[in-house]
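Take a look at the structure set out below.
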Amino acid sequence: MRDTSPKARAEELRRLIRYHNDRYYRDDAPEVSDAEYDALFRELSRLEAAHPELADPDSPTRRVGAEPVEAFGTVVRDVPMLSLQNAFSDAELREFDARVRRFLKGRGIGEEILDRGGYVAEVKIDGLAVELTYEDGEYVRGATRGDGVRGEDVTANLRTIQEIPLSLPKDRKKGGIAPSRLDTRGEVYMERLDLAALNRGRERAGEPAFANPRNAAAGSVRQLDPRVTASRRLKLWVYGTGRVEGVRVTTHWEELALLAGLGFPVNREWSRRCRGIDEVVAFYREVEAGKDSLPYEIDGVVVKVNDAGLQKELGEISRSPRWAVAAKFSPDRAETTVEDIVVSVGRTGTITPVAVLSPVVVRGVTVRRATLHNQDTIDGRDIRVGDRVLVQRAGDVIPEVVESLSAARKSPGRGPKFRIPDRCPACDAPVERVPGEAAHRCTGDGCVERRKRALRHFVSKNAMDIEGMGTKIVSTLVDEGLVTEPADLYRLERETLAAMERLGEKSADNLVRAIEGSRRVPMSRFLFALGIPLVGEHLSEVLARHFGSIEAIRGADGEEFRKVREIGPEVAAALRAYFDSPRNGKTVERLLREVTPLPPATRAGKASGKTFLFTGTLSMPRARAQEMVRREGGSVAAGISGKVDYLVAGEDPGNKLAKARELGVPVLTERQFLDMLGETG
């Protein structure tokens, strides 16, 4: 029988954690998610606390990371790089605050000292922890964290990162005087877009893609050839120091200011001095809500006691300081099994492969299906039925499978490779791959599933907004032959609807009123309802404002479309292809006999010809501010670019503000924006 004693379980947990430490720190190829690793670590910590007789000086709970790889030289540091204890909720953050207060009270230190200094909260970058050493202001050494005391010597590789200063200022007028000795610590990371570009190149070269920015950063720094490191777009944030000689600071906030003054990249935009734990919790929630809009990945917020004297009093326990905690977010990714791969047919006929999964919770939502995008994605990630996979749900988007763990581990006995079928599963028409694209499409004009999807889009809230016309009603109308295209909706009779299963008299009346109410809609919503490929809500509005009528849009050629701000060659070609189709032409003609698209207001206003973008929190709803712009003849952009005339920045504007300044886009406060439009607020 299997030994289930606490001793046996502790030994098993130690073995598992050591193995995963090596995979994460030495091989840059983790096999479990951060959440799964944290669960193992916490179980071992609880077990050791409940059974002191199981104490082991070599337990992973008393160590940091993994031993350095022998291929690199070893750097031994005087001040260890410790790991942090984790918190996973508001309640656990408050418990950290309570522990700090209890400990200080036991030392006879009053709470008012903690309250006066407060905490500093900073985003926790998901990268590779490193330490940079400077002597007399000159960069002399760089090392990974390793096991905390001994790290890998990656001096030459870190030297290639542009943001790392090789010399520090020695003149107070130029930002400060460099300490005689300085060990500064930070995270090397890679931005999301840079990772995507790197992976595209690796896939073209037949090399495996990096699963996430952390793996890419770690793999890039830990190269035996510094030229490989130099070819990657790596960046750095610093967050603290180790050994320092020749200068003294009394708070962590001062320490960050010192590092910034010396020329180090310090993430001041996402660092906050908090007067108490309530402000810490508010910052934690704010960051979690906005983390997906950041250009880099973060996995939590680090909270530190600000006062350096209190940090010294609090000290350390085994591998972690008492004065800091890492508040982790609920995981964006989780591991599960692919039970099947099926395909769905979209409104334009696109065939999308979908993974049917063993249910798994990601960001508080149970995920049972996840998109696989297209055949190229399946092939590139080598995803097969039966595989263990990582699923993510970042930014509340549709869940997707991001990596096959079975492929990465070269698991034996995997199933066959999946191929998108040659025939449409809905209508049996041939399926063809679109030249120059990754998509496969059904070629059947009469495909029932395409028809249903197109109608669901047509009646949706942001299109024609026919309230009560749900998925099941649309399916029934198509299946019974009552509706084959959008115009048929406007010829439905009340008696026909009332006779439908589960609809009834009252629901039929409401649905008839909703259909009638949609006969007059803004032209932009009519355009969006047509489902023209590549034309979403924003571009529908742009087209409506530029051309003013459906007739003008239908008659425009590709060159006229390309003259429209924000319309590129691909969208112009998609528009022309849509309106050149005889089938689409008949659909639009029939619709125009039933529906009147209302042209946008054409009066000249204070925002005429100008494009605005909003970021941060305004005193009014953002929708109201956007409507002010449109009412005054302007337009609202979907994202920051050089085509934006003004960025209106509210409180906590985020990374759009920095990008706007980089592009030279003028920035307005909310007050300046209102003054420009002649509004009183």
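Each value in this text was obtained by applying a stated rule to the coordinates, not by laboratory testing. Since we're looking at a predicted model, the values are computed, not measured. Cβ: placed from backbone, ideal geometry, glycine included. Neighbour counts: every protein chain shown.
Laid out as a table, the results:
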{"read-out": "Mean projected area (nm²) of the alpha-carbon convex hull when the stretch 86-328 is viewed from all directions", "value": "13.9 nm²"}
{"read-out": "Ranked packing of 246-255, 522-531, 381-390, 416-425, most packed first, by mean Cβ within 10 Å", "value": "522-531, 381-390, 246-255, 416-425"}
{"read-out": "In sequence order, calculated HN-Hα J values of the stretch 484-492 (Karplus, 6.51, -1.76, 1.60; Hz; x Gly/Pro)", "value": "10, 8, x, 4, 4, 4, 7, 10, 6"}
{"read-out": "Amide proton proximity set for residue 598, modelled H, under 5 Å, gap of 5+", "value": "521, 523"}
{"read-out": "The chain - Debye-derived log10 I(q)/I(0), Cα point model, q = 0.06, 0.09 Å⁻¹", "value": "-0.46, -0.98"}
{"read-out": "Amide H contacts under 5 Å for residue 668, placed H, 5+ residues apart", "value": "647, 648, 649"}
{"read-out": "Cubic angstrom per residue, convex hull over Cα atoms of the stretch 586-681", "value": "131 Å³"}
{"read-out": "Placed amide H near residue 243: partners under 5 Å, 5+ positions off or other chain", "value": "79, 183"}
{"read-out": "Cross-link table 170/656; 235/291; 124/643; 291/312; 291/659; 461/563, entries beyond 22 Å C-alpha to C-alpha", "value": "170/656; 124/643; 291/312; 461/563"}
{"read-out": "Backbone HN-Hα couplings from phi across the stretch 293-302 [Karplus 6.51/-1.76/1.60, Hz, Gly and Pro as x]", "value": "8, 6, x, 10, 8, 10, 10, x, 10, 8"}
{"read-out": "Cβ-based exposure ranking for 166, 677, 13, in which fewest neighbours within 10 Å come first", "value": "166, 677, 13"}
{"read-out": "Spherically averaged projected area of the stretch 333-421 from its Cα convex hull (nm²)", "value": "5.7 nm²"}
{"read-out": "Mean Cβ neighbour count within 10 Å, used as a protection proxy, ranking 114-123, 653-662 highest first", "value": "114-123, 653-662"}
{"read-out": "Cysteines without a disulfide-compatible neighbour (Cβ-Cβ under 4.7 Å), the chain", "value": "274"}
{"read-out": "Mean separation of Cα contacts under 8 Å (6+ apart) over length of the chain, as relative contact order %", "value": "9 percent"}
{"read-out": "Order of 53, 516, 131 - criterion: other Cβ atoms within 10 Å of each residue's Cβ, fewest first", "value": "53, 516, 131"}
{"read-out": "Residue exposure sequence - 562, 145, 268, 554 - by fewest surrounding Cβ within 10 Å", "value": "268, 562, 554, 145"}
{"read-out": "The stretch 134-271, relative contact order in percent, only Cα pairs under 8 angstrom and at least six apart counted", "value": "30 percent"}
{"read-out": "Packing rank of 568-577, 608-617, where each peptide gets the mean count of other beta carbons within 10 Å, highest leading", "value": "608-617, 568-577"}
